[in-house]
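For reference, the structure is listed below as structure tokens.
FYI, it's all coordinate maths here, none of it is from the lab. Nothing here was measured: the structure is a model prediction, and the numbers come from that model. Positions of Cβ are backbone-derived with ideal geometry, glycine not excepted, and every protein chain shown enters the neighbour counts.
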Amino acid sequence: MAAEDHSQFSHLSKFFPELTEIQSAHVCMLVISSWSAEEIAQYRDITVDTVKDSLVAAQKRLRADNMKILRGIVMLRVLASISFFIYGNNLP
């Protein structure tokens, strides 16, 4: 579909230091953008199996037992990072 520019995903890696840049992008596309593995594959012009393998690897690295838990971990990390950015050390 589109020519892939890895730099557009680099800012996502800070939320997930244990993941590769592409794994970070995949989990964020899946959770935050609500894209399916098929949509991610089409966007990146790769196979669905490649996306699924990346998501399974991310799931293992984040120690999530399943994709539902992976989604929760992603949302918590992103929301916590936003909260720390907004409130700093002065959380209510």
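Residues of the stretch 61-80 with amide nitrogen under 19 Å from the 7 Å Cα-to-Cβ point of residue 34?
Label zone hits: 67-76, 78-79.
When N is the residue count of the stretch 13-92, what does its C-alpha Rg come to as a fraction of 2.2 N^0.38 Å? Could the numbers behind the result be given before it?
On the way: Rg = 13.5 Å, N = 80, 2.2 N^0.38 = 11.6 Å.
Dividing the Cα Rg of the stretch 13-92 by 2.2 N^0.38 Å gives 1.16.
Please state the charge dipole magnitude for the stretch 11-92, taken about the Cα centre, from unit charges on C-beta atoms (+1 on K and R, -1 on D and E), reported in debye and rounded to the nearest 20. Don't skip to the answer; put the middle values down first.
Working: 9 positive and 8 negative charges, 70 e Å.
Roughly 340 debye, rounded to the nearest 20.
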